[in-house]
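Each remark here refers to the structure printed beneath this line.
The values are calculated or read from the model by the stated rules, or taken from the named source; none is laboratory data. These numbers were taken from a predicted model, which means no experiment stands behind them. No Cβ is skipped: glycine too gets one built from the backbone with ideal geometry, and neighbour counts run over all protein chains shown.
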Amino acid sequence: MEKALKAFLSFHGIAFEKVHDLEYLKNLCLQKDNSFSKLDIGDLSSYAVTVRYPDDFYFPSVEEAVGALKTAQLINVFVAGKIGA
């Protein structure tokens, strides 16, 4: 979903910092399209860092992982629809 949000921003020529903060990226998307307000990012930003880098490695429960995956899929589908992908 991070890449999806960045794809939307790039598609619209909106500059963004090199970050993993999904709320920041969502807020930039909101500047172009108010319908991003209905996206619930939840705590997905934490997965962008804590499960990626070994010194802060975290194993989510199966339930957490399934919930995060469903949220990510919804965001990806939403953004794909916005850019015609």
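Tabulated data for the structure shown
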{"read-out": "Residue list for the stretch 40-83, filter: part of a loop (DSSP other than H, G, I, E, B), modelled with pLDDT of 80 or more and out of contact with any helix residue (DSSP H, G or I) (no Cβ under 6 Å at 6 or more places or on another chain)", "value": "ASP40, SER61"}
{"read-out": "Test: residue in the stretch 21-29 that is at pLDDT 85 or above, surrounded by 13 or more Cβ atoms within 10 Å (Cβ to Cβ) and in contact with a His (Cβ under 7 Å, 6 or more places away or on another chain)", "value": "no"}
{"read-out": "Residues within the stretch 1-14 that are exposed (fewer than 14 other Cβ atoms within 10 Å of the Cβ) and at pLDDT 95 or above, tallied", "value": "2"}
{"read-out": "Pair list, Cβ under 6 Å, 6 or more apart: the stretch 1-23 residue more than 17 Å from SER37 (Cα to Cα), other residue assigned to a helix (DSSP H, G or I) and β-branched (Val, Ile, Thr)", "value": "PHE11/ILE83; HIS20/VAL49"}
